[in-house]
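Report on the following structure.
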Amino acid sequence: MAELAPHAVSESNSRGRQHPERAPSARSEYQRDRDRVVHSTAFRRLEYKTQVFVNHEGDLFRTRLTHSIEVAQIARTLARAMHLNEDLAEAIALSHDLGHTPFGHAGQDALNACMREHGGFEHNLQSLRTVDLLEERYGAFDGLNLTYETREGILKHCAPKKTHELGELGRRFIEGTQPSLEAQLCNLADEIGYNNHDVDDGLRSGLIDLLQLDEVGIWARHVALVRQDYPQIAGRRLIHETVRRMINSLAVDLIEETSRNVAATGVQTLAEVRKAVSLAAFSAGMYAEHKELKHFLRINLYQHYQVLRMTNKARRIISDLFGAFMDDPRLLPPQYQQMAITDKPRAIADYIAGMTDRYAIREHRRLFAVGEI
Ligand code: MG
């Protein structure tokens, strides 16, 4: 690895792991984090969890797994270009969505509504809970025992009520300090990833079309350049040539603007990054375009009636399952019945959050369909 910037996360300024372990012999501590995430059960389940389209709607749409891999690719590019800790950026990116429920945001909103009286449900906190507690892979501890810096990156936001339960990790939300620059960049890599692949998936699904996108600044600007270079281009090639250029422009802009911010504030150490204002940012012009595309997708894709029909069904599946298990926890698999003894609603939320889209659909059928066994 090329030399790290002085304000990058490194093993010498790490706050370490909750349960001390011997240093790895052939890898960095953050490679070890990445490897633990890749081998986890929660990571494999991402393959069958929705991003926008429910998993069985088509084989070519993004899932949470392919989304996470795309985010990791962007995050690694950003980190390497800025001499930051690329292994850490990869570990954060691959684990950032581990706590997502089935059926994307509709699933999270439904589970949060079910948990309103019991402490709520938030996918970001659930990602942390997954790596800290729920994974069962090691003899010596629950969870994956990841480094503080990876856990800090996973916890992007946190409701004020929850901060006190999170110890050292929650303190930054009370003190208003920042996470590492690697974590800040991962957050924006996530946005670059989903904005762009949702354009691609949205076009493939036919729910949005090229004519509509001509009204969106960042698309119009890049598609014009593509048509100028390749006057005959059409179809898939046109879409992919445009999307890849948008991702590149956003990433390059983010690197340039963030580097300017680092230079302007003069941060020299990781401690100074944490105390400074948020440094990772797009330039003002690019940010406006990025927000415009986000808004376009919200109105035209995420709120498209065909998407809403599916999310409505998803909401019902989640709340039906939650209600059935609350009424009779003996319907839970034995492991969760055990957990339900100490905290029934939380054990049920953990069970439901871990489900893939198709598992949730099947479980709903098993519990509610008359005539099914
Ligand atoms: Mg994400």
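The values are calculated or read from the model by the stated rules, or taken from the named source; none is laboratory data. Keep in mind the model is a prediction, meaning the values are calculated, not measured. Ideal geometry is used to build each Cβ from the backbone, glycine not excepted, and the neighbour counts take in all protein chains shown. Surface accessibility is based on the protein's heavy atoms, side chains included, excluding ligands, DNA and RNA. Shrake-Rupley method; radii C 1.70, N 1.55, O 1.52, S 1.80 Å.
Things worth noting here:
Matching residues to (1) open to solvent by 10 Å² or more (accessible area, probe 1.4 Å); (2) over 16 Å from residue 15 (Cβ atoms); (3) in a helix (DSSP H, G or I):
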residue	(1), (2), (3)
139	yes, yes, no
142	yes, yes, no
150	no, no, yes
153	no, no, yes
165	yes, yes, yes
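- Subset tally (residues that are in contact with a helix residue (DSSP H, G or I) (Cβ under 6 Å, 6 or more places away or on another chain), closer than 16 Å to residue 153 by Cβ and charged (D, E, K, R)) for the stretch 22-47: 2
- Per the listing 346, 315, the residue uniquely modelled with pLDDT under 95 and within 24 Å of residue 49 (Cα to Cα) is 315.
- The residues of the stretch 183-210 that are away from the ligand (no atom under 16 Å from the Cβ) and open to solvent by less than 30 Å² (accessible area, probe 1.4 Å), listed by number, are 202, 203, 207, 208.
- Any hit, the stretch 161-172, residues being out of contact with any His (no Cβ under 6 Å at 6 or more places or on another chain), farther than 15 Å from residue 64 by Cα and within 16 Å of the ligand (Cβ to nearest atom): no
- Here residue 33 meets the list (1) touching a strand residue (DSSP E or B) at 6+ places or on another chain (Cβ under 6 Å); (2) under 15 Å from residue 181 (Cβ atoms) almost entirely, failing just condition (2).
- Taken over the stretch 50-73, the criterion of being open to solvent by less than 10 Å² (accessible area, probe 1.4 Å) and either of a type in the set (Phe, Trp, Tyr) or at pLDDT 90 or above (or both) is satisfied by 64, 67, 68, 71, 72.
- Residues considered: 274, 260, 315. Of these, the only one that is without any contact (Cβ under 8 Å) to a residue 12 or more places away in the chain and not small (Gly, Ala, Ser) is 260.
- Wholly enclosed helices (runs of 4 or more DSSP H) of the stretch 171-289 bearing at least 2 residues assigned by TED's automatic domain parsing to the domain that holds residue 50 and of a type in the set (Val, Ile, Thr): 181-205, 217-229, 235-265
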